[in-house]
Amino acid sequence: MQQAALTAPLSPAQTADFRSRFERRLEKVKAKTAAVFAFDNLDAPPFIVNSALYWVAGLEPETFPDEYFDDPAVMTNFQEQTYYEQIREIEDDFVPYLMPWFGTVVAASAFGCQIEFLPKQDPAVNPRRYPVESVADVRKLRIPDPEKDGLMPRVLTFQRYMKNHSFLPVGITDFQGPLTTANQLMGYDKLIYLMEDEPLAAHELMDKVTEALIGWVKKQKQVIGEPLSECISDQQVYTGRHAGIWFSDDDAVLMSPKSYAEFVVPYNSRIFDTFGGGCLHYCGNATHQTENS
C-alpha cells in the first residue's frame with residue numbers, strides 16, 4: 001500500500017468485516033492460549049507470522065507516514081489498515097490491538113532524557129546526554145507525572161483517541177523495565193560503576209525508577225480500561241488474563257547473575273507482584289540468569 005492509503009480510515013464496510021474477523025480470531029486464540037497456560041496437549045501451539053508492525057524499523061520508508069508520531073488519527077489508521085490486511089491474508093494467531101508507539105524511550109523521557117525524532121526512524125535517546133551523572137543526581141531524581149513529563153502526556157493523548165475511535169483493544173506503550181530505564185538515564189558504564197562503588201545509591205535509583213514505572217502503567221491501564229491483572233499482548237503475542245504486565249529486560253544478557261540478583265530481581269519482582277504476574281522479554285542469550293528467574 002502507498003502512504004496515503006495507509007493513513008486513510010477504514011470504510012464502514014471494512015470496519016464491520018474487520019470487527020467480525022477480529023472477534024472470531026480472539027475467541028480462537030483465547031482458547032489456544034488458555035490451553036497453553038494449562039499445559040494441555042495441543043496439535044499446534046499459538047503462532048504468528050506477522051508483517052503488520054507498529055514500529056518503524058523494518059518498514060519501507062515510503063510507506064511510513066510522516067505524521068505518525070504527531071497525529072493520533074494517523075497512527076490509529078495506519079495500524080488498523082495494516083492489521084486488517086494482515087488478518088485477511090494470513091490465518092495465524094495474531095490478535096490485533098492498537099499500540100501507542102513512541103519507541104523504547106517514554107519512561108526515560110519523563111525522567112529527563114533527551115529524545116531524538118529522526119526522519120523515518122523510531123524515537124531514540126540521545127546517548128551524549130544523560131540526566132543522571134552522579135550520586136547527587138540520583139538523590140535529586142523525582143518521580144515523573146504522567147500528565148506532564150516527557151512523552152507520557154502524548155502517549156495518554158494517543159491512547160484516549162484510540163479508545164474513542166476504534167473497536168480494537170488498546171495496549172500500554174512499550175515498557176522498558178527498571179534495568180533498561182536506569183541504563184538509559186545513566187549509560188551502561190556509569191550504572192555498573194554505581195552498583196560497585198555506591199550500592200545504596202544504585203538501589204535508590206532502581207527503587208525510584210520502579211515506583212515510576214508502576215505508576216505509569218497504572219495510569220495507562222486506567223485510561224485504556226484494562227484490568228491491572230490483564231494485558232492484551234506481549235509485543236503482539238496475545239496474553240490476555242494470563243499476564244498482568246510485560247516488560248523488556250534486554251540488558252539482562254549483559255549482567256552477572258550476582259549483580260542481577262541484587263540490583264534487578266527485587267525490582268522486577270515488585271512489578272510482577274503489583275500486576276499479578278506477567279512476561280519478561282529480552283533479546284539475546286540470558287541463560288546465565290536462569291537461577292534468577
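The numbers here are math on the coordinates, done by the rules we state, and not lab data. None of these values were measured; they are calculated from a predicted model. In this analysis, Cβ positions are derived from the backbone assuming ideal geometry, glycine residues included, and neighbour counts consider all displayed protein chains.
Taking all C-alpha pairs of the stretch 239-278, those more than 14 Å from each other amount to 51 percent.
The Cβ shell under 15 Å around residue 160 holds other residues with a net charge of +1, Lys and Arg each +1, Asp and Glu each -1.
Please identify the longest segment of the chain free of exposed GluC sites (Glu not before Pro), where exposed means a DSSP state other than H, G, I, E or B and no more than 14 other Cβ atoms within 10 Å.
148-293
Look at the dipole of the chain built from charges on Cβ: of 278, 109, 9, the Cα furthest out on the positive end belongs to 9.
What's the local net charge at residue 52, with K and R +1, D and E -1, over the other residues with C-beta under 15 Å away?
Surrounding charge for residue 52 is -4.
Placing +1 on each Lys and Arg Cβ and -1 on each Asp and Glu Cβ, with no other charges, gives the stretch 1-115 a dipole about its Cα centre of roughly 420 debye.
So, with +1 on the Cβ of K and R and -1 on the Cβ of D and E, and no other charges, what is the size of the charge dipole of the chain about its Cα centre, to the nearest 20 debye?
740
Taking K and R as +1 and D and E as -1, what net charge do the other residues with C-beta under 11 Å from the C-beta of residue 100 add up to? Net charge around residue 100: +2.
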